[in-house]
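Scroll down for the structure; my scribbles are underneath it.
The values are calculated or read from the model by the stated rules, or taken from the named source; none is laboratory data. If you're wondering where the values come from, they're calculated on a predicted model, not measured in any experiment. Backbone-built Cβ (ideal geometry, glycine too); neighbour counts: all protein chains shown. Note: accessible area is taken over every heavy atom of the protein model, side chains too, but ligands, DNA and RNA are not part of it. Shrake-Rupley method; radii C 1.70, N 1.55, O 1.52, S 1.80 Å.
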Amino acid sequence: MTIGGIAKGVAMLEPHLATMFCFLATDAVIAADALQVSLRRAMDRSFNRVTVDGDESTSDTVAVLANGLAENAPLERSGRGLRQFRQALEAVAEKLAKMLVQDGEGATKLVQVRVSGARTRREALIAARSVANSPLVKTAICGADPNWGRIMMALGKGAAKVAADRVAIQIGEERIVERGMLRPDARMDRVEATMRGGEYTIGIELGLGRGADSVWTSDLTEEYVRLNSKYTT
């Protein structure tokens with residue numbers, strides 16, 4: 001079996017797709033209801049976990065087509081074959097979603113904001129979105145500035161439960177915050193070097209439970225402002 005896809009997006013990229021068109025295709029023989037469920041799972045774990053600027057539009061579309069030319073045993077509601085198909089579909093969708101963020105207007109960085117230790121997975125996602133969509137965090141990412149106070153601010157302003165004295169923050173391989181305070185031995189030079197790279201992870205531990213989720217975001221650059229202030233629609 002083969003799965004392929006193509007997607008188009010620029011800015012206005014936030015959960016629920018936003019200004020984006022995505023078309024996936026497979027030669028698998030798969031039941032229509034199983035394909036629909038598989039697509040929804042893949043969407044939730046990929047395109048609905050990205051942001052460029054937090055804005056949304058009404059024109060987002062995603063579609064999947066299956067022509068059955070692989071002549072495999074039909075994939076129904078359960079079974080190893082369907083699980084493998086779903087894993088492959090999710091991998092393709094995640095790859096495309098990350099490429100959209102990298103190709104966002106003015107974007108130079110792809111950063112995963114990963115939150116763990118939340119009370120629930122939903123609260124982990126809320127916290128991750130609050131950080132990923134913060135203009136001050138995104139400009140710090142642009143300038144390779146390890147301003148952990150901005151991350152704490154973004155956590156605190158969100159709707160997820162946060163106890164400041166339990167928060168830990170890690171950028172790349174370097175943990176810089178423990179119990180809500182800057183670690184005295186944190187190697188900020190290493191953090192800055194990581195942030196100058198094109199792709200890395202901001203890891204946040206809330207210390208409140210087992211909920212975990214993540215969002216991919218980009219930086220906010222002068223080029224983004226220029227592109228979006230020089231035309232009228």
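Picking from residues in the stretch 28-72 that are of a type in the set (A, V, I, L, M, F, W, C) and under 23 Å from GLY104 (Cα atoms), the one that is surrounded by the most Cβ atoms within 10 Å (Cβ to Cβ) is VAL52. Looking across the stretch 77-104, just one residue is in contact (Cβ under 8 Å) with a residue 40 or more places away in the chain and of a type in the set (S, T, N, Q), and that is GLN102. Here the stretch 168-192 is the region considered, the condition is being open to solvent by less than 50 Å² (accessible area, probe 1.4 Å) and out of contact with any strand residue (DSSP E or B) (no Cβ under 8 Å at 6 or more places or on another chain), and the residue that is nearest to MET152 (Cα to Cα) is GLY180.
Yes/no matrix, rows are residues, columns are (1) part of a helix (DSSP H, G or I); (2) more than 23 Å from ILE176 (Cα to Cα); (3) not aromatic (Phe, Trp, Tyr):
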| residue | (1), (2), (3) |
| --- | --- |
| MET195 | yes, no, yes |
| ILE202 | no, no, yes |
| TRP216 | no, no, no |
| LEU220 | no, no, yes |
| TYR224 | yes, yes, no |
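Within the stretch 199-233, the set of residues being surrounded by fewer than 12 Cβ atoms within 10 Å (Cβ to Cβ) and in contact (Cβ under 8 Å) with a residue 24 or more places away in the chain comprises ARG210, GLU222, ARG226. Does any residue of the stretch 154-173 turn out to be more than 24 Å from ARG121 (Cβ to Cβ) and in contact (Cβ under 8 Å) with a residue 60 or more places away in the chain? The answer is no; no qualifying residue exists.
Pairing residues of the stretch 1-12 that are part of a strand (DSSP E or B) and open to solvent by less than 60 Å² (accessible area, probe 1.4 Å) with residues that are modelled with pLDDT under 85 and of a type in the set (Gly, Ala, Ser), at Cβ distances under 9 Å and at least 6 apart in sequence or on separate chains, gives GLY9/ALA18.
Only one of the numbered conditions (1) closer than 28 Å to GLU94 by Cα; (2) modelled with pLDDT under 95; (3) loosely packed, with under 13 Cβ neighbours inside 10 Å is not met by ARG196, and that is (2). Residues that are open to solvent by 20 Å² or more (accessible area, probe 1.4 Å) and either among the hydrophobic types (A, V, I, L, M, F, W, C) or under 18 Å from ASP55 (Cβ atoms) (or both) within the stretch 131-150 comprise ASN133, PRO135, LEU136, THR139, CYS142, TRP148, listed in sequence order. Within the stretch 182-211, track down each residue that is over 30 Å from LYS161 (Cβ atoms) and not hydrophobic (A, V, I, L, M, F, W, C). If the condition is that a residue be over 30 Å from LYS161 (Cβ atoms) and not hydrophobic (A, V, I, L, M, F, W, C), then ARG187, ASP189, ARG190, GLU192, ARG196, GLY197, GLY198 are the ones that fit. The residues of the stretch 73-90 that are open to solvent by 60 Å² or more (accessible area, probe 1.4 Å) and assigned to a helix (DSSP H, G or I), listed by number, are ARG80, ARG83, GLN84, GLN87. Of all the listed residues (ALA97, ALA160), the sole one being closer than 30 Å to ILE6 by Cβ and either surrounded by 20 or more Cβ atoms within 10 Å (Cβ to Cβ) or under 16 Å from the mean Cα position of the chain (by Cα) (or both) is ALA97.
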